[in-house]
Amino acid sequence: MKETETLEIGKVNTNENGYSAENIQVLEGLEAVRKRPAMYIGDIGVRGLHHLVYEVVDNSIDEALGGYCKNIEVTINTDGSVTTSDDGRGIPVDFHEKEQKSALEVVLTVLHAGGKFNKDTYKVSGGLHGVGVSCVNALASHLKAEIHRDGKEYVQEYSIGKPLYPVKEVGPSSKTGTIITFVPDKDIFTTVDFNYEILASRLRELAFLNKGVKLIITDLRELDENGQPLSETFFSSEGLREFVRYLDQNREILTEEVIYLDTEKNGIPVELALQYNTSYNENVHTYVNNINTIEGGTHLAGFRRGLTRTLKSYAEKSGMLDKLKFDISGDDFREGLTAVISCKVAEPQFEGQTKTKLGNSDVMGAVDQAVSENLSNFLEEHPKDAKIIVNKVILAATARHAARKARELVQRKGALTGGGLPGKLADCSNRNPEVCEIYLVEGDSAGGTAKQGRDRSFQAIMPLRGKILNVEKAMMHKIYENEEIKNIFTALGVHIGTEEDSKALNMEKLRYHKVIIMTDADVDGSHISTLIMTFFFRYMKELIEKGYLYIATPPLYLIKKGKQEQYCWTEEERIRITEELGKGKESSVHIQRYKGLGEMNAEQLWDTTMNPEFRTLRQITIDSAAEADRIFSMLMGDDVPLRREFIEKHAKYAKIDI
Ligand code: 0RA
């Protein structure tokens, strides 16, 4: 999960670029990409920028999947360019009669050309990936390709997708591979600043998903105390087995071994790892051709079906369910389960809102079969682990039963009192969710100030008392009984789910399309934000995915000199502004550190933090669900030193980059 700065003045809507029937033209080649970059790479912000790197790396990974490449390196250079290099076969450079140019130039200048040349691997089509290296070339102000192939080294350079000269031979070479260096075009992207953590996360994920491939990331812009650049090497010999261990490293696991399979069913490669832990969350992450299918699909359906049927039949045969007085539901088999599924599909059909839901129906049976066979073998061979797992399932079913009773009680009580909005909510007058905002404010006193300072037409305030329940460690029925959590659900207008899909939300009823967390700018405040974010991540992920969750950024300092006043949000600002104001000599500069929201009056809070014209909201987005899951389990878990280390490393509101 990552916070991106969203200034609210003049939102850019990439769909509204002034196209009408008259000026539709057949866009050819890379011009099309430069005219509508968002159509090809998703967006022109942080995400799209990093997507350029993934695009090239995906091509190197394709070489690795074909068995031609073992090492991939990504380097962020001091001039802001990125170099990716691999030891694959190298992009072919031979002359193409039909196109009247080299194969290299075709790959780099013709949309989707890469795939035509390189058919022997599982090409990614549709979705966000797989648009081709030519897209990267189109969106780069400069790109250099260095190819090692057939005992020679070749070079060609481009500017915004146009070759500066034909490919040339520059000398002999004893290796093979492709080295691409590019500078993202400032005229296209809103930011061209590459983020080490974002790239490192993706390379780590790729290492787990493609065992045996070594991926190295280096940032030459950042030197450590020994003058060494920041660098990490990711390599996994055990693939998803290690991925699951990594995801669960801060959880208490239930069984010794990760259950693992790597097989092929009906021509579909399926790799899968799973492990149970003592938590109450389901953490199942699915991938198709290395793409995180966050909306799930047929592979997930097949996994669930295989898991449920195999465990159920084992539990029944073993007699452990004989005394159980209520049914076990599908959910119960997945409580405390961490699993990663990775399939390779030749022609994937991606559906759903974000095109990350797998539609190919034959994958369902393949995964179902793979899971059923392997899991029943495992259970037969490991009776001790089998018993532990079945007991966990029974515990989940029992808790769900108790939760339903608690929920019914709560809802009955709600019905008696009219079931209206929470008493603590100061609602806004507008009823159009699209323009309405709700501030979740730490503490009653800051809540009071916010109530006075707000624009009541569209801003609602909900004070939260003390720390909200740590949902990471609480059982379901505790969550439904918690006052603060019930209040949040009620205020937002989404009811607590029904039994069958307890975490499905009725988002149409959502009363605000901005949910803004506002806490003190200190360690306690950041802990509370994290608790609230965890709650949304676990129970209302859809709200984050829709881009509705934000964090308010109150200032850290107020600097005064005579009648002049300036707010500062960072240390750098404080130093700069203190210096600026300090230049005249007559009166001295006074610096006030805001320790909490409570130190601001209503007007100040409005001016700095709530007024849409001047405030900065940080939008919470999920880049990698798997990494978000791991970090939340760490932040909310028992390992205090680890948590402190993370918060200190990401100081200033414990900014969370996942
Ligand atoms: C087209 C055809 C072949 C490989 C590639 C492209 C290729 C592209 C990239 C981009 C980064 N690294 C890459 N490595 C390879 C097939 C080559 C052959 O058949 O010999």
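The values are calculated or read from the model by the stated rules, or taken from the named source; none is laboratory data. All of these numbers come straight from a predicted model, not from anything done at the bench. With ideal geometry, Cβ positions are generated from the backbone for all residues, glycine too; neighbour counts draw on all protein chains shown. For the accessible areas, the whole protein counts, side chains as well, though only heavy atoms, and no ligand, DNA or RNA atoms are used. Shrake-Rupley method; radii C 1.70, N 1.55, O 1.52, S 1.80 Å.
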field: Residue list for the stretch 54-89, filter: among the polar types (S, T, N, Q), within 9 Å of the ligand (Cβ to nearest atom) and assigned to a strand (DSSP E or B)
entry: 84, 85
- request: Check off (1) hydroxyl-bearing (Ser, Thr, Tyr); (2) touching a residue at least 60 places away in the same chain (Cβ under 8 Å); (3) buried (at least 20 other Cβ atoms within 10 Å of the Cβ) for residue 190 and give me the number that stays unchecked.
  value: (3)
field: Selection status of residue 287, crowded, with 20+ Cβ neighbours inside 10 Å, more than 29 Å from residue 59 (Cα to Cα) and aromatic (Phe, Trp, Tyr)
entry: no
- prompt: How many of the residues making up the stretch 178-229 are farther than 27 Å from residue 262 by Cβ and among the small types (Gly, Ala, Ser)?
  reply: 1
- request: Say whether the condition of being at pLDDT below 95, basic (Lys, Arg) and open to solvent by 30 Å² or more (accessible area, probe 1.4 Å) is met by at least one residue in the stretch 357-373.
  value: no
field: Residue list for the stretch 415-473, restricted to those being of a type in the set (D, E, K, R) and modelled with pLDDT of 95 or more
entry: 427, 434, 437, 451, 454, 455, 456
field: Sole exception among (1) within 30 Å of residue 42 (Cα to Cα); (2) open to solvent by less than 70 Å² (accessible area, probe 1.4 Å) for residue 329, by number
entry: (1)
- prompt: Scanning the stretch 239-277 for residues that are closer than 19 Å to residue 304 by Cα and hydroxyl-bearing (Ser, Thr, Tyr), which turns out surrounded by the most Cβ atoms within 10 Å (Cβ to Cβ)?
  reply: 276
- prompt: How about the stretch 215-238: which of its residues are surrounded by fewer than 18 Cβ atoms within 10 Å (Cβ to Cβ) and in contact (Cβ under 8 Å) with a residue 60 or more places away in the chain?
  reply: 216, 220, 221
Near pairs, Cβ below 7 angstrom, 6+ apart or cross-chain, from the stretch 75-102 (at positive phi) to any residue that is within 14 Å of the ligand (Cβ to nearest atom) and in a loop (DSSP other than H, G, I, E, B): 90/176
task: For residues that are more than 22 Å from the chain's Cα centre (by Cα) and acidic (Asp, Glu), scanning just the stretch 25-80, find the one that is modelled with the lowest pLDDT.
output: 28
message: I need the full set of residues from the stretch 166-178 which are within 16 Å of the ligand (Cβ to nearest atom) and open to solvent by 30 Å² or more (accessible area, probe 1.4 Å), in order please.
response: 167, 175, 176
field: Scan of the stretch 596-615 for residues that are in contact with an Asp or Glu (Cβ under 6 Å, 6 or more places away or on another chain) and either open to solvent by 20 Å² or more (accessible area, probe 1.4 Å) or within 25 Å of residue 540 (Cα to Cα) (or both), ordered by number
entry: 612
- request: Can you work out which of the residues in the stretch 97-128 that are within 12 Å of the ligand (Cβ to nearest atom), in contact with a helix residue (DSSP H, G or I) (Cβ under 9 Å, 6 or more places away or on another chain) and modelled with pLDDT of 80 or more is most open to solvent (accessible area, probe 1.4 Å)?
  value: 110
task: Give the stretch 211-250 a look and list any residue that's in contact with a helix residue (DSSP H, G or I) (Cβ under 8 Å, 6 or more places away or on another chain), of a type in the set (D, E, K, R) and part of a helix (DSSP H, G or I), or say none.
output: 242
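Quick grid of which residues meet (1) in contact (Cβ under 8 Å) with a residue 12 or more places away in the chain; (2) in a loop (DSSP other than H, G, I, E, B); (3) buried (at least 21 other Cβ atoms within 10 Å of the Cβ); (4) of a type in the set (A, V, I, L, M, F, W, C):
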residue	(1), (2), (3), (4)
424	yes, yes, no, no
435	yes, yes, no, yes
439	yes, no, yes, no
445	yes, no, no, no
450	yes, no, yes, yes
456	yes, yes, no, no
460	yes, no, yes, yes
463	yes, no, yes, no
field: Close pairs from the stretch 149-174: first in contact (Cβ under 8 Å) with a residue 12 or more places away in the chain and small (Gly, Ala, Ser), partner open to solvent by less than 30 Å² (accessible area, probe 1.4 Å) and outside any strand (DSSP E or B), Cβ under 6 Å, at least 6 apart
entry: 161/30; 161/137; 161/138
- request: Go through the stretch 559-584 residue by residue and tally those that are in contact with a His (Cβ under 9 Å, 6 or more places away or on another chain) and at positive phi.
  value: 0
- prompt: Here is a list of conditions, (1) open to solvent by 30 Å² or more (accessible area, probe 1.4 Å); (2) under 39 Å from the mean Cα position of the chain (by Cα); (3) over 30 Å from residue 296 (Cα atoms), and residue 552 meets all of them except one; can you say which number that is?
  reply: (1)
